[in-house]
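Written below as structure tokens is the structure these notes are about.
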Amino acid sequence: MRRLVRLPLGRHRPSGRRKSATYYYFALCRDDGTDQVIHDLLRCRAREKAGRAEDPTAVVLDTQSIRAATHVPAATTGKDAAKKVPGRNRGLAVDALGMIIAVVVTAASVTDNAIGVRLLDNVVTHTPTVVKAWVDAGFEDDVQIHGTVNGIDVEQGKRSDPTAGFVPVARSRPGCCPPPREVAIGAAEKLVNSRDRAHVFGI
């Protein structure tokens, strides 16, 4: 892991002073894919430590509307038609442990269906072992059809409880995995609690 990080640092040096050296090395790792390699290796290690296979076979898809910071370009923001939130939509695909498999950031005006299709494309490209995906009622038939075409069984969880408002879903037994929706919400909360990502970058 350390070798992967140090290689670009030893080969290149900043050529100017317009941007900080920190940003230079960040951009270098981003552009050559090193950051993605590190992310994937850390996820595999965490999954093995939890007693799971390196690569997941199932994911949970979810979206959240995030208010964008004032400096975020208007061309990349919009208004959520349902929640009336101006800003951006963040689509997440997470595994059973809540670790991120794929991320899609769009204007808030983009539908869950469109985001879901893009998330599935990313999952198929980067994690071809996935054969199952859980989604909520916000994702419609287009996502299920797209999943079928790509060999992923997309299961839509529809709420049967008539009670209004948020109702927590109990785990079936102590120590088992939480419901898919709870896993996705937990991952989203971790991102929201990061001030830099949620407020500065609008994601």
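Every number here is computed from the coordinates shown, using simple stated rules; none is lab data. Being a predicted model, the structure only gives us computed values, none of them experimental. Note: ideal-geometry Cβ built from the backbone for every residue, glycine included; neighbour counts use all protein chains shown.
Looking at the square roots a ≥ b ≥ c of the eigenvalues of the Cα gyration tensor of the stretch 25-80, which shape do they give, rounded for a/c under 1.5, prolate if a/b is larger than b/c, or oblate?
oblate
For L42 paired with V131, estimate the spin-label separation in nm (one decimal), with each label point 7 Å from Cα along the Cα-to-Cβ line.
About 3.0 nm, to one decimal.
What nm value, rounded to one decimal, do you get for the distance between R30 and T148 when each label is placed 7 Å out toward the C-beta?
Label-label distance for R30 and T148, simple model: 3.9 nm.
Share of antiparallel DSSP beta bridges in the stretch 29-160, in percent to the nearest 5?
70 percent
By a straight-distance test (C-alpha under 17 Å), which aspartates and glutamates pair with K79 as possible cross-link partners, with residues fewer than eight away in the same chain excluded?
Candidates past the 8-residue exclusion: D112.
Would you kindly derive the ³J(HN,Hα) couplings of the stretch 92-106 from the backbone phi angles with the Karplus curve 6.51 cos²θ - 1.76 cosθ + 1.60 (θ = phi - 60°), listing them in order in whole Hz, with x for Gly and Pro?
In residue order, the calculated couplings are 10, 10, 10, 8, 5, 8, x, 8, 6, 9, 8, 9, 10, 10, 9 Hz.
Amide H neighbours of D62 under 5 Å, counting only residues 5+ apart in sequence or on other chains, H built in-plane at 1.01 Å?
L92
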